[in-house]
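Only the coordinates and a few stated rules stand behind these numbers; no lab work does. Model, not experiment: these values are computed from the prediction. A quick note on method: Cβ atoms are made from the backbone with ideal geometry, for glycine too, and the neighbour counts reach across all protein chains shown.
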Amino acid sequence: MRRLTAFVTASDMRDKSALRRALLRQRRETDPAERRAIDRAITERVLQSEPYRHSRTLFVYYSVAEEIDTHAILSDALNSGKRVCLPKCLPGGVMQPRYITSEEDLTEESYGIPEPGAHCPAAELTDIDLCLIPALACTAQGFRLGYGGGFYDRFLPRTPAYRMVLCAHARVLPQLPAEPHDVRCSCIVTEHEVMLIHEG
């Protein structure tokens, strides 16, 4: 993966919109074979992790485009008998977790992303053990940069679930533009390691 300095300037690091554009460009220009290798390594680390193995109810995003792939994780969770819920986008920027029993339940779409259909029951936020969270970038302190919609910033404080961010190692940055509402996560899974976040 090309070094982030080829895409990001010092001024970008102070501007979330500019940083998002630079990160999206870097992600798009990553060699597909390298991206698949990163996806496989992150998938393996998630499946072997204690939070995943011990979870009973999983909240997971449905990966699209160049996002860290979650399809193998989703398949494993369904096949191993875990309860699986995916986000359904509602008016007002609210994300509601809804249970699925197979990918055939993904009958609707928001923002170009398949999501649970109207027939899928809502999950209780307190029942979720583990959230798998997308990120354009994150820091070793557990803060993430999303896509700008604020869906996860509004959703995550409402559940006590363990928060696991999936992120390529090259996009774990020393710092990110911070805002008071930014939510800290529990760990970061890259292709190289599982980074536990110690608050304090």
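Is the shape of the range 63-111 rounded, prolate or oblate, going by the alpha carbon gyration tensor and its root eigenvalues a ≥ b ≥ c, with a/c under 1.5 for rounded and a/b larger than b/c for prolate? It comes out oblate by the Cα gyration axes.
Amide H to amide H distances under 5 Å link GLU115 with THR107, GLU108, GLU109, SER110, where only residues 5 or more positions off or on other chains count and H is placed in the peptide plane. Compute a Gaussian network model of the chain, connecting alpha carbons closer than 10 Å, and tell me which residue from PRO51, PRO32, PRO116 fluctuates the most. In this elastic network of the chain, the residue with the biggest mean-square fluctuation among PRO51, PRO32, PRO116 is PRO32. Spatially, the range 134-193 and the range 14-30 are offset by 15 Å when compared through their Cα centroids.
Summed over all non-identical Cα pairs, the Kirkwood treatment of the chain gives a radius of 17.2 Å. Each of HIS181, ALA135, GLY112 was placed along the dipole of the chain (beta-carbon charges, centred on the mean Cα), and the one lying farthest toward the positive end is HIS181. How big is the antiparallel share of DSSP beta bridges in the range 40-196, given as a percent to the nearest 5? Roughly 55 percent of the beta bridges in the range 40-196 run antiparallel, per DSSP.
Computed log10 I(q)/I(0) for the range 59-161 at 0.10 Å⁻¹: -0.26, from the Debye equation with unit scatterers placed on every C-alpha and solvent omitted.
Can you tell me the dipole magnitude for the chain around its Cα centre, using point charges on the Cβ only (Lys, Arg +1; Asp, Glu -1), in Debye to the nearest 20?
On the way: 25 positive and 27 negative charges, 103 e Å.
Here the chain has a charge dipole of around 500 debye.
With helices as the sole contributors, the chain gives -7000 deg cm²/dmol at 222 nm; each DSSP H run of n ≥ 4 counts as -39500 (n - 2.57), and the sum is divided by every residue.
How would the range 86-127 be classified by its alpha-carbon gyration tensor: rounded, prolate or oblate, with rounded meaning a/c under 1.5 and the a/b versus b/c comparison settling the rest? Because a/c hits 1.5 or more and a/b fails to exceed b/c, the range 86-127 counts as oblate.
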